[in-house]
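The values are calculated or read from the model by the stated rules, or taken from the named source; none is laboratory data. Everything quoted here is computed from the prediction, not taken from an experiment. Cβ sites come from the backbone with ideal geometry, for glycine too, and all protein chains shown count toward neighbours. In case anyone asks, the SASA skips ligands and DNA or RNA and just uses the protein heavy atoms, side chains included. Shrake-Rupley method; radii C 1.70, N 1.55, O 1.52, S 1.80 Å.
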Amino acid sequence: MPSIFVKDDLRASVEAATGGKVTVLYTASGKPSYMNVIPKFNLEDIDAGLGSGVHPAFIVGGVEKSELFIGTYQGINKNGEFLSLPGVDPTVSQNFDYFANLARANGPGWHAISSIEFTALALWCWKNGYMPRGNSNYGRSSDATWETGRLADGGTPGDTSATGRTLTGSGPVSWRHDNSVGGIADLCGNIWEWSPGLRVVQGEIQVIANNDAALNATDLSATSSAWKAIDGHTGLLINPTFTGSIAGGDYVPTTPKSVRYNTSGTANYTLVRTSGQSFEGMTNPGSTPVSAAALTVLKKYGLFPVASTGLGGDGFYLNVEGERLAHRGGNWSYAAVSGVFALGLFHARSTAGTSFGSRPAFVL
């Protein structure tokens, strides 16, 4: 793989134009991909309630990373590799495994943006006081309808008979994560982004530790031993308590007890939110509630709101039947519930809709 440290004319020009926020990395076959450099940050720098130490998005295989590289643009398949390029129609209509494998085909270090990486970006946006808008209304922002991008089919923004997707990065700077030309585009809306490392199985929350979902060697399959539940009392990652097949089964009453999601009720260690409502309104009403220690872990992973207001009203979508994998950000038709904190745990890994894609990322 070409070294990311050797500058060529394209990389030099992109870095100069963005003050170093964006660089160009190359796949194993030498194809360019525009990537934002995200420096490591600590939890306490975001919010004291998250604890202290480096955010787990920057811990990969037990090693702290000084930076992450996140695709500036939602990804497109170019000759069997997954690239972040401006002004293209992002690849859609493929399932979770397709995008996970496509990103890995770029070479060592490449992966589809993980759920915890998306979370780190969302927390950074919240801390810095800017929640990016995006294509949440058929080519325009539902919150500021004068803000538009170029529709992939050449249609008129706001026309509900149009394709709905906009070309990557074609919106205004307010659609970038830091409100600048060097920001990450389209984290809010346009297409849902499959984000490895998070799922629910019969409602049980399961994660892959830290940012190990970014490792090419990590097994992301339904039966992988890398999936861990979260102890509702201690917050420790534990073996899942779910037993049986992914398509159905029972929970064995064990100690410790894992954290679950549901749309109603007061079961022990169960977080509750009606599907389609705002993520920031999630509650913890269990007869034995999820402990403060466990909530801190959940917040780090983007699974419980860091604050009860101010997260943009972004939506939370849940299905507690079988295995449901994470997709983030919303799409062109989700209006105000699209956003950096929008979280979908509603679709199976086989889902392949026209509003489902992903974004390449890289870790050295």
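Of the residues that make up region 159-167, is at least one of a type in the set (Asp, Glu) and in contact (Cβ under 8 Å) with a residue 24 or more places away in the chain? There is no residue in region 159-167 that is of a type in the set (Asp, Glu) and in contact (Cβ under 8 Å) with a residue 24 or more places away in the chain.
Return yes when Glu321 is touching a Pro at 6+ places or on another chain (Cβ under 9 Å) and either at negative phi or not in a helix (DSSP H, G or I) (or both) and no when it is not. Judged against the criteria, Glu321 is not a match.
Asn77 meets each of the listed conditions (1) assigned to a loop (DSSP other than H, G, I, E, B); (2) open to solvent by 10 Å² or more (accessible area, probe 1.4 Å); (3) out of contact with any Cys (no Cβ under 8 Å at 6 or more places or on another chain) apart from (1).
Residue count for region 324-357 satisfying the condition of being on the phi < 0 side of the Ramachandran plot, assigned to a loop (DSSP other than H, G, I, E, B) and within 14 Å of the chain's Cα centre (by Cα): 5. For Leu123, are the conditions met, namely being buried (at least 22 other Cβ atoms within 10 Å of the Cβ) and either assigned to a helix (DSSP H, G or I) or without any contact (Cβ under 8 Å) to a residue 12 or more places away in the chain (or both)? Taking the combined requirement at face value, the residue satisfies it.
Evaluate the following for Thr168: is it buried (at least 24 other Cβ atoms within 10 Å of the Cβ) and either within 21 Å of Leu83 (Cα to Cα) or touching a Pro at 6+ places or on another chain (Cβ under 6 Å) (or both)? In short, yes. Of everything listed in (1) farther than 20 Å from Val173 by Cα; (2) open to solvent by less than 10 Å² (accessible area, probe 1.4 Å), the single unmet condition for Gly71 is (1). Restricting attention to region 14-27, the residues being open to solvent by 60 Å² or more (accessible area, probe 1.4 Å) and either among the basic types (Lys, Arg) or at negative phi (or both) number 3. Across region 320-330, the qualifying residues are those that are touching a Phe, Trp or Tyr at 6+ places or on another chain (Cβ under 9 Å) and open to solvent by 30 Å² or more (accessible area, probe 1.4 Å), and the one among them that is farthest from Glu204 (Cα to Cα) is Arg324.
Can you say whether Ala293 is open to solvent by 40 Å² or more (accessible area, probe 1.4 Å), under 23 Å from Glu117 (Cα atoms), modelled with pLDDT of 95 or more and not hydroxyl-bearing (Ser, Thr, Tyr), as far as the supplied structure shows? In short, yes.
Look at region 281-307: where a residue is touching a residue at least 60 places away in the same chain (Cβ under 8 Å) and a partner is surrounded by fewer than 17 Cβ atoms within 10 Å (Cβ to Cβ) and β-branched (Val, Ile, Thr), sitting 6+ places away or on another chain with Cβ atoms under 8 Å, you get Ala293/Thr234; Ala294/Thr234.
When we screen Asp97, Asp47 for residues that are modelled with pLDDT of 95 or more, more than 23 Å from Asn190 (Cβ to Cβ) and of a type in the set (Asp, Glu), the only hit is Asp47.
The residues of region 12-34 that are in a loop (DSSP other than H, G, I, E, B) and more than 13 Å from Gly182 (Cβ to Cβ), listed by number, are Thr27, Ala28, Ser29, Gly30, Lys31. Tell me whether region 300-316 contains one or more residues that are open to solvent by less than 30 Å² (accessible area, probe 1.4 Å) and part of a strand (DSSP E or B). Checking region 300-316: at least one residue is open to solvent by less than 30 Å² (accessible area, probe 1.4 Å) and part of a strand (DSSP E or B). Might you let me know whether region 352-361 holds any residue that is of a type in the set (A, V, I, L, M), closer than 16 Å to Phe118 by Cα and touching an Asp or Glu at 6+ places or on another chain (Cβ under 8 Å)? Scanning region 352-361 turns up at least one residue that is of a type in the set (A, V, I, L, M), closer than 16 Å to Phe118 by Cα and touching an Asp or Glu at 6+ places or on another chain (Cβ under 8 Å). For region 119-155, the set of residues classified as touching a Phe, Trp or Tyr at 6+ places or on another chain (Cβ under 9 Å) and polar (S, T, N, Q) consists of Thr119, Asn135, Ser136, Asn137, Ser141, Ser142, listed by residue number.
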